[in-house]
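Just so you know, all these numbers are worked out from the coordinates, no wet-lab data involved. Just so it is clear, the model here is predicted, and its values are computed rather than measured. Cβ coordinates were reconstructed from backbone atoms using ideal geometry, including for glycine residues, and neighbour counts include every protein chain displayed.
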């Protein structure tokens with residue numbers, strides 16, 4: 001496979017409510033023990049990793065993240081193919097390097113770098 005999908009997330013206005021909903025609906029174990037209270041879904045070694053949390057601006061979304069070796073190079077490629085950068089490459093502490101883009105239909109997808 002080329003570049004794998006490695007993470008999904010569900011973000012909304014009330015992160016705690018969403019975390020409870022998904023935990024109850026699918027028997028997911030969700031760990032919010034971090035400063036941002038971002039709920040990390042424990043996949044138990046099956047499927048892909050994920051997260052459920054609150055949106056900083058209050059706008060919700062569902063997206064997935066594709067791991068690539070060079071975010072900036074992929075953003076250039078995506079823009080040539082008709083997509084647009086929503087959030088340029090950003091390092092989030094020592095946790096992850098990510099970016100967001102919109103495809104030609106406006107769907108927002110994430111990129112991660114490395115790992």
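State, as an integer percentage, the relative contact order of the chain based on alpha-carbon contacts under 8 Å between residues 6 or more apart. Walk me through the intermediate numbers first.
On the way: 227 pairs, mean separation 28.9, N = 115.
Reported as a whole number, the value is 25 percent.
Dividing the Cα radius of gyration by the Kirkwood radius, what Rg/Rh value follows for the chain?
Numbers: Rg = 14.6 Å, Rh = 14.9 Å.
Checking Rg against Rh, the ratio lands at 0.98.
Starting with the fewest neighbours, write out 89, 84 ranked by other beta-carbon atoms found within 10 Å of each beta-carbon. Before the final figure, lay out each step's value.
Details: 89 15, 84 12.
Ranking 89, 84 by Cβ neighbours within 10 Å, fewest first, gives 84, 89.
Using the Cα atoms of segment 1-66, I'd like the radius of gyration and the largest Cα-Cα distance, Dmax, both in angstrom.
Expressed in Å, the Cα Rg and Dmax of segment 1-66 come to 11.9, 36.
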